[in-house]
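Notes to accompany the following structure.
The values are calculated or read from the model by the stated rules, or taken from the named source; none is laboratory data. All values derive from a computational prediction rather than experimental measurement. Cβ coordinates were reconstructed from backbone atoms using ideal geometry, including for glycine residues, and neighbour counts include every protein chain displayed. Ligands, DNA and RNA are excluded from the accessible area calculation, which covers all protein heavy atoms including side chains. Shrake-Rupley method; radii C 1.70, N 1.55, O 1.52, S 1.80 Å.
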Amino acid sequence: MNDALMKQMKERIEALKKLPGVGSKSIKDVLEENGFTRRDFLKWSAAMAAMLGLPASFAPVVAEAAEVSDRLPVVWLHLAECTGCSESLLRTDAPTIDDLIFNYINLQYHDTIMAAAGWQAEENYEEALEKFAGRFILCVEGGVPTKDGGEYLTIGPEAETGLAKLKRTASKAAAIIAVGTCSSFGGIQAAYPNPTGTVGINKVLNKPVINVPGCPPSAKNIVGTIVYVILYGQLPAVDNFNRPKWAYGLRIHDLCERRGHFDAGEFVEQFGDAGAENGFCLYKVGCKGPYTFNNCSRERFNQHTSWPVQAGHGCIGCSEPDFWDSMAPYEEPLANKKFMSVDADATADKVGITILTVAGVAIAAHAALSAIKNPKE
Ligand code: SF4
Ligand code: SF4
């Protein structure tokens, strides 16, 4: 099984190697210029292989996939959003290997980082669509306004609606990745009362969309999804919200460094108290980690240095659909409030809305009970 998969991946990489790359530098040069050694790169490949659920013996193949990532044309479309997803990847003074690979991929079009503007940008866009029709990856950042024909978002000198541009571009894409919660589920634009009728892009497309939600998602999850497409030539296994299972298969709560405190009934009661100083669990000050499927607690952000819970604020559930409405207020526990999420992972694959709602109540009850039992309080 592994041999057959390895053979299939190697054949795909060989085929990609025959295609022209962008620029004159190899990923090896780019990494060296930024102070990374071959050993660092192989460590990264081993970690990426593990993240994608591959055995350690696949690390060299993952390294090769990253090396040919400049052969894969990517068109990056911005719709209704804040550009925070791109910012999280690009605005870093000490880039990680993930950031560098993102910079290295064959980005044929990206509003935020390209030099062209106006008519020239439009020309570049049309050229990329024509030249790479049927074989580019479309990454979309932002939800799509649909009300009144989508006229609340127009793009470019001809004021084409985002809705029309998305449909036109998607019809020529080989694979579509929704980057961030806005494009996956509508995001903040879709929060009540959603005056522009914004939705996640899969609601208006008739092709499969792989959702990589998060506000913003980590570089690891974005680059990992692209590496997956390079390796397999197809989209990964997903949960009921079209999120890759290898990244969104577990709850934040399952791998949280404060989990021991939750189980021991040691909670922060209010920000700044002794519990906060001691790194206790943030459930009672609103952490939504028990209801949120993502790998932040394992992969973290900002060069893997930290993540919200480590920094002292609870998870706000940003990779869940409608989290702006369903997870609020962010600094209070969900407690008995009805939880909207359904079937999200290996656990939640088997858990429906009712059980998850009951789970929410059970978690609240456990938190209350643990607190009573805690002799330190
Ligand atoms: S998902 Fe969040 S960070 Fe990304 S564009 Fe939307 S609002 Fe900004
Ligand atoms: S409730 Fe939040 S802070 Fe507490 S263990 Fe779970 S994820 Fe971590």
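Only Cα sites of the chain enter the Debye sum here, all with the same form factor; the resulting log10 I(q)/I(0) across q = 0.06, 0.07, 0.14 1/Å is -0.24, -0.33, -1.22, listed in q order.
How would you rank 35-48, 129-142, 110-123, highest first, on the average number of other Cβ atoms within 10 Å across their residues? Before the final figure, lay out each step's value.
Details: 35-48: 16.1, 129-142: 19.6, 110-123: 12.6.
Answer by packing, highest mean first, reads 129-142, 35-48, 110-123.
Taking the protein heavy atoms of the stretch 1-123 in the context of the full set of protein chains, the accessible area attributed to carbon and sulfur is 54 percent at 1.4 Å.
Please report the carbon-and-sulfur percent of the accessible area for the stretch 158-282; probe 1.4 Å, protein heavy atoms only, DNA, RNA and ligands left out.
Values: 2450 of 4590 Å².
Solvent-exposed carbon and sulfur of the stretch 158-282 make up 53 percent of the total.
Go through 191-197, 279-285 and give me the packing order, highest mean Cβ count within 10 Å leading.
Peptide ranking by packing, descending: 279-285, 191-197.
Dipole of the chain computed with +1 at Lys/Arg Cβ and -1 at Asp/Glu Cβ about the Cα centre; of F132, W119, Q270, farthest Cα towards the positive end is F132. Among the cysteines of the chain, those with no neighbouring cysteine Cβ under 4.7 Å are C82, C85, C139, C182, C256, C281, C287, C296, C315.
On average, how much accessible surface per residue is there in the stretch 103-200, in Å², for a 1.4 Å probe, leaving out ligands, DNA and RNA? Write out the running numbers ahead of the final one.
Working: 4150 Å² over 98 residues.
Result: 42 Å² per residue.
Rolling a 1.4 Å probe over the protein heavy atoms gives the stretch 273-332 an accessible area of 38 Å² per residue. Screening the chain for whole DSSP H helices of 15 Å or more along their axis (Cα) with average Kyte-Doolittle hydropathy at least -0.5 returns 38-51, 219-232, 353-373. Here each label is just a point 7 Å from Cα along the line to Cβ, and for A15 and A133 those points are 2.1 nm apart.
Where Lys and Arg each count +1 and Asp and Glu each count -1, what net charge lies around T154 among other residues with Cβ under 13 Å from its Cβ? Working shown, then result.
Values: positive: K165; negative: E122, D148, E151, E158, E160.
My count for the surroundings of T154 gives -4.
Positive contributions from Lys and Arg (+1) and negative ones from Asp and Glu (-1), summed over other residues with Cβ under 15 Å from the Cβ of K18, come out at 0.
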